[in-house]
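Below is one structure, written out as structure tokens, with a few remarks after it.
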Amino acid sequence: IDILRDKTFGQLDNIWYRGSIKTSRFIDINVDKNKFINALDSEYGRIYQYDELGNLLFIFGEKGSQLGSFINPVAIETIQDNIIVLDSVTNSITVFEKTEFGSLVHEAIMLYNDGFYGEALKPWNQVISIDSNYEIAYVGVGNALFFQQDYKDSLKYYELGQNRTRHSLAFSEYRTEIIRENFGLFVGLFILL
């Protein structure tokens, strides 16, 4: 089953640059041992990292001559936890090491994907404490709370993560929970009326 067919990858908006339209052009892809997908975009010189479900996690790199950028990136590979990019013009290899932030994101996603929803809460909360604008972490906390059947609290995190689909699902479950808990009261009021 192609789980990635409904996803958008690379630069979301095409850019008009010097008389032509620039659009992402992936020339190499790598899936690491933990199923994270690293895609190399030769047009922008960027690396896009996705989880195994095709959710965008990180974008890094660019075209240029400074450290961490490329003139003509042609290949990507992972060795242990490092991402390696080959530049054909400079005949160089750039090594990207995983940061503490990246390690926490990966840990949370792997725990969640392995069904350890409660255990994923701790690294997601650490991610939020480092970067309170990382929306994926809020959705991750919302997912963990949702699968623990804490629908009320998951609503708040889905809203912070701007995930309308999951927010609607959590709201539906929370509404059903309220109706179940107060069914006797509703029936009594109905009979009274």
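Values in this text are rule-based calculations from the coordinates and carry no lab data. These numbers were taken from a predicted model, which means no experiment stands behind them. For neighbour counting, all protein chains shown are included, and Cβ atoms are generated from backbone atoms with ideal geometry for every residue, glycine included.
Summary of values
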quantity: Protection proxy ranking, peptides 109-116, 139-146, average beta carbon neighbours within 10 Å, highest first; calculated: 139-146, 109-116
quantity: Computed lengthening from ARG175 to ASN34, 0.36 nm per intervening residue step minus Cα-Cα distance; calculated: 47.1 nm
quantity: For the stretch 94-193: rounded, prolate or oblate by the Cα gyration tensor [a/c cutoff 1.5]; calculated: prolate
quantity: Helix-only mean residue ellipticity at 222 nm for the chain, each DSSP H run of n ≥ 4 adding -39500 (n - 2.57), per residue, nearest 500; calculated: -13000 deg cm²/dmol
